1. Distance between Cα centroids, region 129-143 to region 17-51: provide it in whole Å.
2. About the Cα centre of the chain, how large is the charge dipole given +1 on each Lys and Arg Cβ and -1 on each Asp and Glu Cβ? Please answer in debye to the nearest 20.
3. Which order do the peptides 22-29, 45-52 come out in when sorted by mean C-beta neighbours inside 10 angstrom, highest first?
4. Lys/Arg Cβ at +1, Asp/Glu Cβ at -1, dipole of the chain taken about the Cα centre: which of 114, 54, 93 is farthest positive-ward?
5. How far, in nm, would the chain grow between residue 34 and residue 48 when pulled straight, counting 0.36 nm per residue and subtracting the alpha carbon separation?
6. Compute the helix-to-body angle for 56-77: its Cα long axis versus the longest principal axis of the chain, expressed 0 to 90° and rounded to tens.
7. Would you mind calculating the gained length between residue 13 and residue 41 on full extension (0.36 nm times residue separation, minus the Cα-Cα distance), in nm to one decimal?
Amino acid sequence: MTTTVKPPVWFWIMSVIALLWNLMGVFNYLNQAFNQIAILESLDQAQREAFEGIPAWATAAFAIAVFAGLAGSIGLLLRKKWARPLFVISLIAAVAQFIHWLFISNAVEAFGPSTYTMPIIVVIIGLYLIFFSKQGIQKGWLK
């Protein structure tokens, strides 16, 4: 006989917030992938060069980050422990993308110091989602 540990209400609230956060990431990726002309038209020359200089591997890292995060969020809602490794993959891919954006490209010079804001937020949330899913596994909420 197996017993199931029922997660508290705040687990569901956080899981839905995680889903919405990762859906925003997927939207941003799809917007960048399929709306490049409109994005480029809104940028000045230095910003345009930074955007056009994004290599395929950094774009692939962006895609892996957002889709793994989305799958991890769905895993939370399904109460599956495979959510945690997906969040780890998502964070690693995001960090790879940010290494290019912040330290290899000229994005900081083109967009200014505020360029650091979103990567910091993404890394903090990514670390939290890994911790949150680990807690879910330890408490028996994720199987």
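No lab work stands behind these numbers, since they all come straight from the coordinates. Since we're looking at a predicted model, the values are computed, not measured. Neighbour counts run over all protein chains shown; Cβ positions are idealised from the backbone, glycine included.
1. Cα centroid of region 129-143 versus Cα centroid of region 17-51: 32 Å apart.
2. 1220
3. 22-29, 45-52
4. 93
5. 3.4 nm
6. With rounding to tens, the tilt is 20 degrees.
7. Details: separation 28, 0.36 × 28 = 10.08 nm, distance 3.84 nm.
Extra length available between residue 13 and residue 41 comes to 6.2 nm.
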